[in-house]
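A.B. asks: Got a structure for you, questions after.
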Amino acid sequence: MKILSIESSCDETSAAIVEMGEERKILSNIVASQIETHALYGGVVPEIASRAHSEVISKITYEALETAGVTLDDIDAIGVTNRPGLIGALLVGVNFAKSLALSRNIPLVLVHHIRGHIAANYLVHPDLEPPFLALVVSGGHTSLIEVTDYTHFETVGRTKDDAMGESFDKVARVMGIPYPGGAEMDRLASLGDKKAFKLPSAALNDGSLDFSFSGLKTHIINILHNMEQKGIPYPKEDIAASFTETVLNSVEKKLKMAIERYPHTSLVLAGGVSANSHLRSFMEEFAFKNGMKFYVPPRSLCGDNAAMIGAQAYYEFINGNTASSSLNAYATGE
Ligand code: KG4
Ligand code: ZN
């Protein structure tokens, strides 16, 4: 079946057409990024995001249909992200999808953004099937999730404060790297000494599978401010490498505990930060050492995009999870 999907939870407006069923194909996946606009402010400005989504949503939806070579008559369901995210931004996508679905009498499916990130893997890894353990890391989320079925998810660990991507971006920002600095931190980390700075772990030491990135982030920002005040030039590469190493060690600690508690044979990585080359290699090696199969989307499907929302919409649809007329968007929610 063909699904038209829409994503507008943060600073990317995206529309896609995916073919799901025995064969899985991305027929189009149009992403309009607002990054350049928000970079001027050092982070996402919610009101600007909503307005920018409204300006392009209709255009990119028709572009997605045209690129896929289909019309609305060919669409079997419309999937849209309705949580979690910036409420104003989400509402633009939800209301647009709702009007389209109602006017054309097409079933509407609401998709949880995090489930969408995980589902990006189904588009490219046909052998991946639940149950599995997933680490979802993005600008707004850091969660360890046990996926017991295509539509059953249990969050077993989460960040108590900043998300992993957010902490990469904030450390980058203090070093003068434009928003979002995650990708540049990745590049710099490859050039630096990962043992240059000893930093506090982001793995909470409380027996849970939870993380806290704010202490690590503040610690490193203090180091940077101190060095700046003393006029000592700091090596951005070493900062990026040490920070990344600490993040990986923290993930390793929680993953070891997680696979003991939830012994699955597959490990999945997803979300914007899954584009990070160090995290990808680390996870691959971790899975290999522990006899697990490892899955991660190609970089083109790691960040926010509508194709991943379409993939999850398919599983929600076949499980009967279509939206009623009382549908809404929610800023938070599991
Ligand atoms: O999934 P995503 O596009 O948006 C959210 O749902 O939040 O994730 C965006 C996040 C940003 O924080 C960005 O800096 C980070 O993913 N990111 C990276 C890399 N590429 C993107 N972080 C570290 N290394 C990367 N290579
Ligand atoms: Zn995301």
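The values are calculated or read from the model by the stated rules, or taken from the named source; none is laboratory data. Since we're looking at a predicted model, the values are computed, not measured. So basically every Cβ, Gly included, is an ideal-geometry build from the backbone, and we count neighbours across all protein chains shown.
A.B. asks: If I filter segment 128-147 down to residues being within 16 Å of ligand 1 (Cβ to nearest atom) and either polar (S, T, N, Q) or more than 16 Å from the chain's Cα centre (by Cα) (or both), which single residue comes out as farthest from A275 (Cα to Cα)?
C.D. replies: If we take residues in segment 128-147 being within 16 Å of ligand 1 (Cβ to nearest atom) and either polar (S, T, N, Q) or more than 16 Å from the chain's Cα centre (by Cα) (or both), then S143 is farthest from A275 (Cα to Cα).
A.B. asks: Further question: Please find, among A64, A89, A15, the residue that is part of a helix (DSSP H, G or I), among the small types (G, A, S), at pLDDT 95 or above and within 16 Å of ligand 2 (Cβ to nearest atom).
C.D. replies: Answer to the check: A89.
A.B. asks: If I ask for residues that are without any contact (Cβ under 8 Å) to a residue 60 or more places away in the chain, within 16 Å of ligand 1 (Cβ to nearest atom) and charged (D, E, K, R), which ones from segment 148-170 would you list?
C.D. replies: Matches in segment 148-170: R158, D161, D162, E166, K170.
A.B. asks: Sticking with this structure for a sec: Within segment 226-238, is even one residue within 20 Å of S138 (Cα to Cα) and in contact (Cβ under 8 Å) with a residue 12 or more places away in the chain?
C.D. replies: No, segment 226-238 contains no residue that is within 20 Å of S138 (Cα to Cα) and in contact (Cβ under 8 Å) with a residue 12 or more places away in the chain.
A.B. asks: Going by the structure shown, is D186 within 15 Å of ligand 1 (Cβ to nearest atom) and surrounded by fewer than 22 Cβ atoms within 10 Å (Cβ to Cβ)?
C.D. replies: In short, yes.
A.B. asks: Moving on. Scan segment 5-26 and report the pairs whose first residue is under 15 Å from A77 (Cα atoms) and whose second residue is within 14 Å of ligand 2 (Cβ to nearest atom) and of a type in the set (D, E, K, R), with Cβ atoms within less than 7 Å and a gap of 6+ or a chain change.
C.D. replies: E7/D304
A.B. asks: Select from segment 44-85 the residues that are touching a residue at least 60 places away in the same chain (Cβ under 8 Å) and surrounded by fewer than 16 Cβ atoms within 10 Å (Cβ to Cβ) and write down the one among them that is nearest to the chain's Cα centre (by Cα).
C.D. replies: My answer is D76.
A.B. asks: Checking the conditions here, which among G140, G79 is within 16 Å of ligand 2 (Cβ to nearest atom), assigned to a loop (DSSP other than H, G, I, E, B), small (G, A, S) and closer than 30 Å to H38 by Cα?
C.D. replies: None of the other options fit; the residue is G140.
A.B. asks: Within segment 252-266, can one find any residue that is within 16 Å of ligand 1 (Cβ to nearest atom) and surrounded by 16 or more Cβ atoms within 10 Å (Cβ to Cβ)?
C.D. replies: no
A.B. asks: Quick check, is M185 of a type in the set (A, V, I, L, M), touching a strand residue (DSSP E or B) at 6+ places or on another chain (Cβ under 6 Å) and in contact (Cβ under 8 Å) with a residue 40 or more places away in the chain?
C.D. replies: no
Yes/no matrix, rows are residues, columns are (1) within 16 Å of ligand 1 (Cβ to nearest atom); (2) in contact with a Phe, Trp or Tyr (Cβ under 8 Å, 6 or more places away or on another chain); (3) within 30 Å of V44 (Cα to Cα):
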| residue | (1), (2), (3) |
| --- | --- |
| T61 | no, yes, yes |
| A68 | no, no, no |
| G79 | no, yes, yes |
| N82 | yes, yes, yes |
| A89 | yes, no, yes |
| V94 | no, no, yes |
| R104 | no, no, no |
| G116 | yes, no, yes |
| L123 | yes, no, yes |
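A.B. asks: Looking at (1) crowded, with 16+ Cβ neighbours inside 10 Å; (2) touching a helix residue (DSSP H, G or I) at 6+ places or on another chain (Cβ under 9 Å); (3) not in a helix (DSSP H, G or I), which is the one condition that is false for E166?
C.D. replies: (3)
A.B. asks: OK, next. Please go through segment 33-70 and give me each residue that is aliphatic (A, V, I, L, M) and within 13 Å of C10 (Cβ to Cβ), ordered by number.
C.D. replies: If the condition is that a residue be aliphatic (A, V, I, L, M) and within 13 Å of C10 (Cβ to Cβ), then I35, V44, V45, I48, A49, A52 are the ones that fit.
A.B. asks: Scan segment 121-128 and tell me whether some residue there is within 16 Å of ligand 2 (Cβ to nearest atom), outside any strand (DSSP E or B), among the β-branched types (V, I, T) and closer than 16 Å to L301 by Cα.
C.D. replies: Checked against the condition, which is being within 16 Å of ligand 2 (Cβ to nearest atom), outside any strand (DSSP E or B), among the β-branched types (V, I, T) and closer than 16 Å to L301 by Cα, segment 121-128 yields no hits at all.
A.B. asks: In addition: For segment 233-265, which positions are in contact with a strand residue (DSSP E or B) (Cβ under 8 Å, 6 or more places away or on another chain) and in a helix (DSSP H, G or I)? Working first, answer last.
C.D. replies: Narrowing segment 233-265 to residues in contact with a strand residue (DSSP E or B) (Cβ under 8 Å, 6 or more places away or on another chain): 249-251, 253-255, 258-259, 261-262, 264-265.
Of everything in segment 233-265, those that are in contact with a strand residue (DSSP E or B) (Cβ under 8 Å, 6 or more places away or on another chain) and in a helix (DSSP H, G or I) turn out to be N249, S250, V251, K253, K254, L255, A258, I259, R261.
A.B. asks: Looking at segment 232-245 only, could you name the residues that are more than 15 Å from A172 (Cβ to Cβ) and at pLDDT 95 or above?
C.D. replies: Answer for segment 232-245, where residues must be more than 15 Å from A172 (Cβ to Cβ) and at pLDDT 95 or above: just E245.
A.B. asks: From (1) crowded, with 20+ Cβ neighbours inside 10 Å; (2) more than 18 Å from the chain's Cα centre (by Cα), pick out the condition that doesn't hold for R104.
C.D. replies: Condition not satisfied by R104: (1).
A.B. asks: Report, by residue number, each residue of segment 302-320 that is surrounded by fewer than 24 Cβ atoms within 10 Å (Cβ to Cβ) and over 16 Å from M20 (Cα atoms). Steps first, answer last, please.
C.D. replies: First, the residues of segment 302-320 that are surrounded by fewer than 24 Cβ atoms within 10 Å (Cβ to Cβ): 302, 315-320.
Result: C302, single match.
A.B. asks: Continuing with the same structure: Being farther than 16 Å from V247 by Cα and either modelled with pLDDT under 95 or touching a Leu at 6+ places or on another chain (Cβ under 6 Å) (or both) narrows it down to one residue among M292, M283; which is it? Show your work before the answer.
C.D. replies: Working: M283 fails: farther than 16 Å from V247 by Cα.
On inspection, the qualifying residue turns out to be M292.
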